[in-house]
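S.K.: Mind having a look at this structure? Questions to follow.
The values are calculated or read from the model by the stated rules, or taken from the named source; none is laboratory data. Keep in mind that this is a model prediction, so the values were computed, not measured. We place every Cβ from the backbone using ideal geometry, glycine too, and count neighbours over all the protein chains shown.
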Amino acid sequence: MRKQELGTLLYFNAGVGNSNVIPGFKVENILYNVPDCWRGNSIKEIFNLDRNANPKHRMLDSGGYQISLAEKNNKRIIYDSTKPILVNDSLNLTPAHVVNTAILIKPTKMTSLDYPIKEASKVNIEMEFRKKIGYNLTWATETSTLVQYAKSLGHLNQNTQLLIPIQCFTLEQLDYIFKYMKDIVYDGVSIPVRNLNLKGIILFLFYFYKMGIKSVHLLGTSSLPVIALSAYLAKHYFKEFSIDSTSWREAAGANIYMGPKDLTNYVLNYNTIVGPYDIIDCLCPFCSRYTFTKIKNMQQTDKFDFLSCHNSWVINNVVKEVADLSSSIDNMISILVNNTKRDNLKKELDNLYILLSLFDSLKDSEVKNFESVVSRNKYDYIRR
Ligand SMILES: [Zn+2]
């Protein structure tokens, strides 16, 4: 029997708003973040930039991350929704500021205000989770109430999806969160993936699938295995699935040219040796008249601009190509394995093949059962 096909994976370019860099002439989907909209005149600049980029979808991240940064840097933190949002010397960020910014940006998806968990060693994960959970549940509830109010007044589009950032390390902590999320109105969840390995991401997604969650966003990632995992699960298990990253721009800043097929990082700086046969095999509109030598010898700002455009194009293109392959795991993984020369990436893709096959065959069983098959040692799905 042919399997049902659901959503298509969307990639959002993050890091556009705080840099004023549009990679190329067209950006399909942009992720903005609330504090970036309010540095000096930045909301006007973002409107200008957005008009030029003319994206199909906008996502608005609440910028809770800036709260943890402010705390780390001993910045003054105020919490007052009646006062303007502050992002420079002091930080004043509340759910009201998030929703008011959403009313201006008109995103397809937005996240509630959150307080991200930090990377922690296994002995500290319970404490770190408990430190943040109170804030996260309260802010999710408040953001949701304000979103519904803004929708009722016609200030926000009815289709704007509210995603709740899930800030936890373990499946037990997920149980705890969902016990208290019962009364919150929301459309889906977003998860920061920096604390999870591939197994962890799949376990969390299995959990969401069993909870009946229809919309998922993975924050801050665009590695090939994560793209493949997301494309496959988008097609077969979720209605809406998206990812975002700033890697197109960060890589460009480090003189990195991303491989058009497997997103391998190639450093192109002055001491990179480029052979006469290193011909560019990229179909992007930027590379067509270039050689690696030409790129390598570009002036720094031109090079940054060029690499941003190329990197962004290849990530967007890989996401589309992988999404087209994602009807069957066999076909998708075997083509991706053939497309790379990197042994560690081949190994990771083979591992993904097993994990996705297990997802398919165990989709009707309990999360605990799936966990016991996938995870051999306790918490081996946490990245540390
Ligand atoms: Zn290119």
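S.K.: With exposed (fewer than 15 other Cβ atoms within 10 Å of the Cβ), aliphatic (A, V, I, L, M), outside the structural domain of residue 314 (by TED's automatic domain parsing) and touching an Asp or Glu at 6+ places or on another chain (Cβ under 9 Å) as the only criterion, which of 46, 67, 77, 30 stands out?
M.R.: 77
S.K.: Follow-up question, since we're still on this one. Where in region 18-96 are there strands (runs of 3 or more DSSP E), lying fully within it, with 3 or more residues that are farther than 22 Å from residue 245 by Cα?
M.R.: Correct list: 76-78, 90-92.
Table: residues versus (1) modelled with pLDDT under 90; (2) among the charged types (D, E, K, R).
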{"position": "3", "(1), (2)": "yes, yes"}
{"position": "13", "(1), (2)": "no, no"}
{"position": "24", "(1), (2)": "yes, no"}
{"position": "34", "(1), (2)": "no, no"}
{"position": "54", "(1), (2)": "no, no"}
{"position": "78", "(1), (2)": "no, no"}
{"position": "88", "(1), (2)": "yes, no"}
{"position": "92", "(1), (2)": "no, no"}
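S.K.: Of everything in region 281-319, what is aromatic (Phe, Trp, Tyr) and closer than 27 Å to residue 9 by Cβ? Give them in sequence order.
M.R.: Residues satisfying the conditions are 286, 306, 313.
S.K.: Taking only pairs six or more apart or across chains, which ones have beta-carbon atoms under 9 Å, a first residue in region 265-288 that is of a type in the set (Asp, Glu), and a second residue that is modelled with pLDDT of 80 or more and away from the ligand (no atom under 14 Å from the Cβ)?
M.R.: 278/293
S.K.: Hey, could you check region 172-197 for residues that are among the basic types (Lys, Arg) and over 21 Å from the mean Cα position of the chain (by Cα) and say which is surrounded by the fewest Cβ atoms within 10 Å (Cβ to Cβ)?
M.R.: Result: 182.
S.K.: Here are some conditions: (1) in the same structural domain as residue 202 (by TED's automatic domain parsing); (2) closer than 23 Å to residue 194 by Cα. Residue 314 meets all but one. Which one does it not meet?
M.R.: (1) is the only condition that residue 314 fails.
S.K.: Which numbered condition in (1) assigned by TED's automatic domain parsing to the domain that holds residue 214; (2) at pLDDT below 95 is the only one that residue 274 fails?
M.R.: (1)
S.K.: Okay, next question. Of the residues that sit in region 212-229 and are within 16 Å of residue 28 (Cβ to Cβ) and at pLDDT 95 or above, which one is nearest to the ligand (Cβ to nearest atom)?
M.R.: 227
S.K.: Restricting to helices (runs of 4 or more DSSP H) lying wholly in region 234-348: which have 3 or more residues that are within 15 Å of the ligand (Cβ to nearest atom)?
M.R.: 247-253, 292-296, 300-325
S.K.: For region 208-225, which positions are under 10 Å from the mean Cα position of the chain (by Cα), without any contact (Cβ under 8 Å) to a residue 60 or more places away in the chain and surrounded by fewer than 22 Cβ atoms within 10 Å (Cβ to Cβ)?
M.R.: The answer is 221, and nothing else.
S.K.: Still on this structure, please answer the following. Taking region 143-193 only, how many residues are touching a residue at least 60 places away in the same chain (Cβ under 8 Å), in contact with a Ser or Thr (Cβ under 7 Å, 6 or more places away or on another chain) and more than 20 Å from residue 34 (Cβ to Cβ)?
M.R.: Number of matching residues: 0.
S.K.: Any residue that is within 16 Å of the ligand (Cβ to nearest atom) and at negative phi - is there at least one of those in region 355-367?
M.R.: no
S.K.: Let me ask something additional. Touching a Ser or Thr at 6+ places or on another chain (Cβ under 7 Å) and basic (Lys, Arg): is that true of residue 76 in this structure?
M.R.: yes
S.K.: Right, here's the next one. Inspect all residues belonging to region 318-340 and state whether any of them is surrounded by 12 or more Cβ atoms within 10 Å (Cβ to Cβ), in contact with a Pro (Cβ under 7 Å, 6 or more places away or on another chain) and polar (S, T, N, Q).
M.R.: Looking through region 318-340, none of the residues is surrounded by 12 or more Cβ atoms within 10 Å (Cβ to Cβ), in contact with a Pro (Cβ under 7 Å, 6 or more places away or on another chain) and polar (S, T, N, Q).
S.K.: For region 100-120, does any single residue satisfy the condition of being in contact with a Leu (Cβ under 7 Å, 6 or more places away or on another chain), in a helix (DSSP H, G or I) and of a type in the set (S, T, N, Q)?
M.R.: Yes: one or more hits.
S.K.: Mind counting the residues in region 363-384 that are part of a loop (DSSP other than H, G, I, E, B) and in contact (Cβ under 8 Å) with a residue 60 or more places away in the chain?
M.R.: So the count comes out to 8.
S.K.: Right, here's the next one. Would you confirm whether or not region 84-104 contains a residue that is of a type in the set (Val, Ile, Thr), surrounded by 15 or more Cβ atoms within 10 Å (Cβ to Cβ) and within 17 Å of the chain's Cα centre (by Cα)?
M.R.: no
S.K.: So residue 142 clears everything in (1) surrounded by 20 or more Cβ atoms within 10 Å (Cβ to Cβ); (2) assigned to a helix (DSSP H, G or I) except one condition, right? Which one?
M.R.: Of the numbered conditions (1) surrounded by 20 or more Cβ atoms within 10 Å (Cβ to Cβ); (2) assigned to a helix (DSSP H, G or I), the odd one out for residue 142 is (1).
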